[in-house]
Amino acid sequence: MTTVDKPAAVTDVESDCVTDADLARDTAELALAELVCPPHERRDAAANRQHVLETATRLFAERGVEAVTMDEIARAAGVGKGTLYRRYADKAQLCLALMDACFHTFQEEATAELLRPDRPSSAIDRLQLFLDRLIDWVEEHTAWLGVIAGQLAGARRGGAQCSPIYHWLHNVVARLLAQARASGEVRVDDPVYVADVVLAAVNVDLYVYQRRDRGYSPDQIRARLHGLVDALRACPVAG
């Protein structure tokens with residue numbers, strides 16, 4: 001019989017010893033800001049960076065993220081294009097910097113919900129709560145996420161799945177699936193693969209298509225995703 005080797009990353013996530021501490025550790029380890037600015041910078045450099053970010057935020061609010069170019073941001077901020085591009089290689093990196101604070105807020109709130117004392121005992125129920133919060137966040141930040149995803153996809157296929165945002169989301173979903181498998185809640189052979197499939201349902205490009213062209217509301221998308229996850233249960237939910 002032919003066997004298929006799994007990626008090295010599968011081993012840790014699929015362990016039946018996955019604990020809530022792993023979720024908290026994943027949150028603590030991710031620092032998006034480190035991707036877009038050096039950990040130590042001069043005071044004047046930090047001030048210039050903040051001015052650029054404030055300028056970009058204003059232009060995005062006035063005209064929309066997609067309509068504003070990097071050259072326009074540089075001109076409005078009063079910095080050279082070379083200076084801007086040395087700091088941010090493209091608009092996706094700039095958006096990533098602007099999303100740093102809001103994504104960390106999402107992380108902290110989602111993790112706190114997953115770890116609260118009165119949380120559901122079912123790992124699948126906790127996964128549903130996490131996906132509900134994720135759908136709300138994607139709905140709120142669709143334009144920003146679209147720019148980031150578009151730039152990463154242009155760089156290489158699968159680029160969006162190599163981003164730190166996706167890495168963290170995937171770890172949370174895969175760990176919850178591993179917990180559910182360990183307790184006998186679900187029939188899942190490979191939590192890492194299934195986590196990719198679940199997250200594909202909230203990929204920003206698909207989400208925009210379903211909202212705009214399919215006409216689904218966020219609540220309808222949420223309900224369909226709940227049904228998809230419920231189908232993984234070893235004992236389907238009644239009613």
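When the stretch 205-236 is examined, which residues are found to be under 19 Å from the mean Cα position of the chain (by Cα) and charged (D, E, K, R)? Selection gives Asp205, Arg211, Arg222.
When the residues of the stretch 181-204 are narrowed to those that are among the charged types (D, E, K, R) and surrounded by 16 or more Cβ atoms within 10 Å (Cβ to Cβ), which ends up nearest to the chain's Cα centre (by Cα)? Per the criteria, the residue is Asp190.
Just to be sure, is Ile124 more than 19 Å from Val208 (Cβ to Cβ), of a type in the set (Val, Ile, Thr), in contact (Cβ under 8 Å) with a residue 12 or more places away in the chain and part of a helix (DSSP H, G or I)? For Ile124, the condition - more than 19 Å from Val208 (Cβ to Cβ), of a type in the set (Val, Ile, Thr), in contact (Cβ under 8 Å) with a residue 12 or more places away in the chain and part of a helix (DSSP H, G or I) - is met.
The set of residues in the stretch 133-159 that are acidic (Asp, Glu) and modelled with pLDDT of 90 or more comprises Asp136, Glu139. Restricting the stretch 78-120 to residues that are touching a residue at least 40 places away in the same chain (Cβ under 8 Å) and among the hydroxyl-bearing types (Ser, Thr, Tyr) leaves a set whose member that is farthest from Val65 (Cα to Cα) is Thr111. Scanning the stretch 111-132 for residues that are hydrophobic (A, V, I, L, M, F, W, C) and at pLDDT below 90 returns Ala112, Leu114, Leu115. The helices (runs of 4 or more DSSP H) found entirely in the stretch 1-86 that carry 2 or more residues being under 23 Å from Gly146 (Cα atoms), among the β-branched types (Val, Ile, Thr) and modelled with pLDDT of 85 or more are 43-63. Scanning the stretch 87-106 for residues that are over 19 Å from Arg63 (Cα atoms) and not in a helix (DSSP H, G or I) returns Tyr88, Ala89. Here is a list of conditions, (1) farther than 30 Å from Gly64 by Cα; (2) modelled with pLDDT of 90 or more; (3) surrounded by fewer than 20 Cβ atoms within 10 Å (Cβ to Cβ), and Pro236 meets all of them except one; can you say which number that is? Looking at each condition in turn, Pro236 falls short on (2).
Taking the stretch 159-209 as the range and being polar (S, T, N, Q) and under 21 Å from His141 (Cβ atoms) as the test, the residues that pass are Gln161, Ser163, Asn171, Asn203. Thr105 fulfils the conditions (1) within 20 Å of the chain's Cα centre (by Cα); (2) surrounded by 12 or more Cβ atoms within 10 Å (Cβ to Cβ) except for a single criterion, (2). Restrict the check to the stretch 176-190 and report whether at least one residue is touching an Asp or Glu at 6+ places or on another chain (Cβ under 7 Å), under 21 Å from Asp100 (Cα atoms) and at pLDDT below 95. For the stretch 176-190, residues touching an Asp or Glu at 6+ places or on another chain (Cβ under 7 Å), under 21 Å from Asp100 (Cα atoms) and at pLDDT below 95: absent. Taking the stretch 102-144 as the range and being in contact with a helix residue (DSSP H, G or I) (Cβ under 9 Å, 6 or more places away or on another chain), of a type in the set (S, T, N, Q) and more than 28 Å from Ala92 (Cβ to Cβ) as the test, the residues that pass are Ser122, Gln128.
The values are calculated or read from the model by the stated rules, or taken from the named source; none is laboratory data. It should be emphasised that the depicted structure is a prediction, and the values quoted were computed from it without experimental measurement. Cβ sites come from the backbone with ideal geometry, for glycine too, and all protein chains shown count toward neighbours.
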